[in-house]
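Inspection log for the structure reproduced underneath, given as structure tokens.
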Amino acid sequence: MNKVKNFFKNNWMYIGAGIVIGVVAFVLTLMGNPANMGFCIACFLRDTAGALKLHSAAVVQYARPEIIGIVLGAFAISLLRKDFKPTGGSAPVTRFLLGMIVMIGALVFLGCPLRMVLRIGGGDLNAIIALLGFIGGIAVGVVFLNLGFTLRRSYDLPKLEAAVAPASSAFLLIILIGVPSLLVFSETGPASMRAPIYAALIGGLIVGAIGQRTRACFVGGIRDGMMFRQFHMVYMFVAVILTTIICNAFAGKLHFSFNDQPVAHSDFLWNFLGMAVVGLGSVFLGGCPFRQLVLSGSGNSDSTIAVLGMIAGAALAHNWGLASAAASATAEGGATDAGMIAIGVCIVLLLVIGFCNRKKVS
């Protein structure tokens, strides 16, 4: 009994945060977001890149308020908690490249780590295959960390530098609401499925605030479990999964299968390898895409560079046909030939980055 009591005493904040994230994500799907996609950092950055005309894939173009909300929510909490830290200058070019690589891996799978757990909560068994690849990629990253991998230290920066991400997010929100004609909006496809702006923004603010307060990171949780036997963030992710399973079950939307899943494909190998790339690349970055977005709102310009890399990677993925196609009633979907080649190139680049950034541990 004492063990159970101590467990909840030590982990209640993380479990509660996971429950809230799961509920918010589910509510957003009820209000218009694609099923199993209350949040997806990769997909929503990709949609935003399309809205800004960085790619021309007509079905994935919309400036997602959830992304804006996450950055601004993290920004607000960091100010309230006096945790806004203008830092940066750690291997910016490498971080930009890693952001591109992580995005390409995510778009081959069709989701970021957050959407991966939401897909599991919706019954998508393909996401379990992806989770195995994700854990494998993180495990390889842990090996590199133990070999001394580092992108070197960050430095204190002027506050103006750190304000770029939240200011840009606020500016995009003003454009979305006040001058939407400057943006592109999908009329069909996943990006045409969207919750009302106010709901998406509020959901993003809540999740961004939670991310800043708990320092939630899908990569960091598994990494810390492997390296230090610290599992509090893993419990958060389990809470997200269980919450979405319960919500989907009550709504009659729980469907355990590999096939007929929304905005997904059952190409097992490439689901596995796509998320392995995301796992390894995120270890090198020091956090998953969600964590990078939260940190960018908290003053970390290194994370802002990584997010910009993800946006560039999303544009590249759709301009060059690297992103996988979702299965439909008329097509099986899956990774493209170009996407398969890209994953191979990404793995080689990650290994090169890993080996070239080792520092002897004294």
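The values are calculated or read from the model by the stated rules, or taken from the named source; none is laboratory data. Source: prediction; values computed, not measured. So basically every Cβ, Gly included, is an ideal-geometry build from the backbone, and we count neighbours across all protein chains shown. The protein model used for the area step is the full one, side chains on, heavy atoms only, and it has no ligands, DNA or RNA in it. Shrake-Rupley method; radii C 1.70, N 1.55, O 1.52, S 1.80 Å.
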(message) With a 1.4 Å probe and all protein chains left in place, how much accessible area per residue does the chain have, in Å²?
(response) 42 Å²
(request) List every residue whose amide H lies under 5 Å from the amide H of residue 230, counting only residues 5 or more places away in sequence or on a different chain, with H placed 1.01 Å from N in the peptide plane. (result) 225
(request) Sort 90-101, 181-192 for me by packing, meaning the mean count of neighbouring Cβ atoms within 10 Å per residue, highest on top. (result) 90-101, 181-192
(message) Between the range 199-269 and the range 31-71, what is the separation of their alpha carbon centroids in Å?
(response) 18 Å
(request) Under a 10 Å cutoff between Cα atoms, tell me which one of 304, 243, 214 has the largest fluctuation in the Gaussian network model of the chain. (result) 214
(message) Per DSSP helix of 4 or more residues, -39500 (n - 2.57); summed, then divided by the residues of the chain. What does that give at 222 nm, rounded to the nearest 500?
(response) -21500 deg cm²/dmol
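What number, in percent, do you get for the relative contact order of the chain if the mean sequence gap of Cα pairs under 8 Å and at least 6 apart is divided by its residue count? Numbers along the way, then the final one.
Values: 740 pairs, mean separation 125.6, N = 362.
Rounded, it is 35 percent for the chain.
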(request) Can you pull the one-decimal nm distance between simple spin-label points at residue 330 and residue 229, each 7 Å off the Cα toward Cβ? (result) 5.7 nm
(request) Work out the length of the dipole vector of the range 212-362 about its Cα centre, built from +1 on the beta-carbon of each Lys and Arg and -1 on the beta-carbon of each Asp and Glu, and round it to the nearest 20 debye. (result) 780 debye
(message) For residue 149, what residues show an amide H to amide H distance below 5 Å, using hydrogens built from the backbone and excluding near sequence neighbours?
(response) 359
(request) Compute from the Cα atoms of the range 1-154 the Rg and the Dmax, the latter being the longest Cα-Cα distance, and quote both in angstrom. (result) 18.2, 58
(message) Give me a comma-separated list of calculated 3J(HN,Hα) values for the range 171-184, in order, Karplus coefficients 6.51, -1.76, 1.60 applied at θ = phi - 60°, integers in Hz, x for any Gly or Pro.
(response) 5, 5, 5, 4, 5, 4, 8, x, 9, x, 5, 6, 10, 10
(message) Given a Förster distance of 25 Å, report the FRET efficiency between residue 249 and residue 79 from their Cβ-Cβ distance, rounded to the nearest 0.05.
(response) 0.05
(message) Per-residue counts of other Cβ atoms within 10 Å, averaged by peptide: what ranking do you get for 41-52, 279-290, 314-325, highest first?
(response) 279-290, 41-52, 314-325
(request) Can you send over the carbon and sulfur percentage of the accessible area for the chain, probe radius 1.4 Å, protein chains only? (result) 68 percent
(request) Would you list, by chain and number, the aspartates and glutamates whose Cα falls below 20 Å from the Cα of residue 159, excluding same-chain residues fewer than 8 positions away? (result) 83, 302
(message) With a 10 Å cut-off between alpha carbons and a GNM built on the chain, which of 102, 348, 24 moves the most?
(response) 348
(request) Could you check which residue among 216, 251, 264 shows the biggest mean-square fluctuation in a GNM of the chain with a 10 Å Cα cutoff? (result) 251
(message) Using the Karplus curve 6.51 cos²θ - 1.76 cosθ + 1.60 with θ = phi - 60°, what ³J(HN,Hα) values do you get for each residue of the range 16-28, in whole Hz, with x for Gly and Pro?
(response) x, 4, x, 5, 5, 4, x, 5, 4, 4, 5, 4, 5
(request) Order these peptides, 80-88, 336-344, 224-232, by their mean beta-carbon neighbour count within 10 angstrom, highest first. (result) 336-344, 80-88, 224-232
(message) By the 4.7 Å beta carbon criterion, which cysteine residues of the chain come out unpaired?
(response) 112, 217, 247, 288, 346, 356
